[in-house]
Every structure is written in structure tokens, then in C-alpha cells.
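Take a look at the structure set out below.
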Amino acid sequence: MTKAPMDADTTIAGQISLGDVIEQLSRHRPVFHSEADLQHSFARVLWELTPDVRSRLEVPQRLSGRSEYLDLLCIGPSARTAIEFKYFTRTWAGAVGTPAEDYALKGHAATDLARLHFVRDIARLERFCRRSDQNGLAIMLTNDASLWTPPGPGRAQTRDRDFRIHQGRELAGTLLWAEGTYKPNTCTLRGAYPLDWEPYSELDGAGGEFRYVAVSVSPVRDGADDMPVPV
């Protein structure tokens, strides 16, 4: 297996690159039944590749007196990584694996909300990664090409315009929902995050192409306000 370069920004718990985990995961699990299935399978592959890294699902992060839950916390000997997952699908059905396992993916039509929730994951990780030894990764896996495809010329403005996550887009600054007319969905990011979609798997039939995008969030070292309580 050709190993991915060890980029500090996409290294999990200081031990292994995200690319190596994704490569191994895609070989054994080219498709998942659900987001929970993806989370569990990712944690298992991570443990198989790096037994020194402990994986904890649904870990509470206590911020300003309230708890938010992190999908996966990876704890290594000297570093930690907080990971948020999104698994957004269009309709697809087929049998995969040996022995064959049947899959019947439902179509999630609200792509605008998928974009909103992914951006919110990045903002959450900016809050969670206030330890100097903890980075973050927001990962979306999908077979809906409209998420990675840039909008065509002349396309009408949509309420999620600022939240577009297509190939080559950069997310940064204050993002407004419906040009700011619905303030609860306004999202402000500290960092700037270029988006680069990568192939994940190619299965038969319409909707059989899966790609993923990963956003790396660096630790915030300036101040300790809203620092999560260590777990």
C-alpha cells in the first residue's frame, strides 16, 4: 500500500494520516448503511492501523455551561483529533462485499441543509480545538454529485449560496443564509478552508460514485475562553 504523506494538519492523533485511514476504509467498506455505520467503521479501521490511538464516539464537549457532542475523539500518546462526520446520500441500491451485503440508500433531498450542517461542523471544531494538542477534521462522504460540482453559469441565487462546498471553493469569514434574512443560520469561521474533493469509491449504477471532502481545523492557542472540559 502506498502511504499518504504525513501532513500535520490531517494527521490523526499525531500517529497516522487521514489519507491512509480513508484508503484502508474504502477497500473494505466502499459504502455504508448510515452515518453511524461510517463512524463505527472509521473508528475500527483506525484502531486496526494504530492500536495506540483510542477512539471514543459521541464525546460531550462542555462549552459555556452546556454540552455539545463530538462524533469521534481520537486520543494518541501525545496528541488528539476531534472528528465530525457527515454522510449525505442520493438513492442507490446494490450488493457489495464478500459475502455480498445488500445496501439500499435513501435520497436526502435537502442539499442546502447538508451544506449548512457541514459548515456548522467546521465551526464546532473551531470551538472544540482549543487545546494546543488537539486538531480537528470535518469529513463529508457523499454520492450526490451536486455537492462537489460547481454551480453552472447563470444559475439563480439560492439561500445557501454562501455555504456552497463544491470543488475549489474556500469557506471563510461570515457566511449568511438567504443573504442574512435568517440570522439563526449565520455562521462565522475563524479560519479559511479550501475544499478539495477526493475519490472514495466507484460502484455500479447511477449514484455509485462516492467522493469525500475533509477540512482540517488547527488548534487555537490564543486564549482559553470556552475551552472544552478535558475528557
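The values are calculated or read from the model by the stated rules, or taken from the named source; none is laboratory data. Everything quoted here is computed from the prediction, not taken from an experiment. Don't worry about glycine lacking a Cβ; one is built from the backbone with ideal geometry, like all the others, and counts go over all protein chains shown.
Brief remarks follow.
- Residue in the range 52-66 that is at pLDDT below 95, part of a strand (DSSP E or B) and small (Gly, Ala, Ser) present: no
- The lone exception for Val220 - which of (1) more than 20 Å from Arg127 (Cα to Cα); (2) in a loop (DSSP other than H, G, I, E, B); (3) not small (Gly, Ala, Ser) it fails: (1)
- Residues located in the range 147-188, provided they are among the hydrophobic types (A, V, I, L, M, F, W, C), assigned to a helix (DSSP H, G or I) and either more than 23 Å from Gly107 (Cα to Cα) or in contact with a Gly (Cβ under 6 Å, 6 or more places away or on another chain) (or both): Trp177, Ala178
- Matching residues, the range 7-39, being in contact with a Leu (Cβ under 7 Å, 6 or more places away or on another chain) and not charged (D, E, K, R): Thr10, Ile12, Ile16, Leu18, Val21, Gln24, Pro30, Val31, Phe32, Leu38, Gln39
- Set Ala104, Ala109, Ala95: member being surrounded by fewer than 18 Cβ atoms within 10 Å (Cβ to Cβ) and part of a loop (DSSP other than H, G, I, E, B): Ala109
- From the list Val45, Val31, the lone residue that is at negative phi, among the aliphatic types (A, V, I, L, M) and out of contact with any Ser or Thr (no Cβ under 7 Å at 6 or more places or on another chain) is Val45.
- Restricting Glu170, Glu179 to residues that are out of contact with any Asp or Glu (no Cβ under 6 Å at 6 or more places or on another chain) and at positive phi narrows the list to Glu179.
- Subset tally (residues that are within 23 Å of Ala145 (Cα to Cα) and hydroxyl-bearing (Ser, Thr, Tyr)) for the range 156-195: 2
- Restricting the range 160-195 to residues that are of a type in the set (Val, Ile, Thr) and more than 10 Å from Arg115 (Cβ to Cβ) leaves a set whose member that is surrounded by the most Cβ atoms within 10 Å (Cβ to Cβ) is Thr186.
- Candidates Arg130, Arg120, Arg211, filtered to the one that is charged (D, E, K, R) and assigned to a loop (DSSP other than H, G, I, E, B): Arg130
- Count - residues of the range 135-159 that are within 16 Å of Leu113 (Cβ to Cβ), at pLDDT 95 or above and among the hydroxyl-bearing types (Ser, Thr, Tyr): 2
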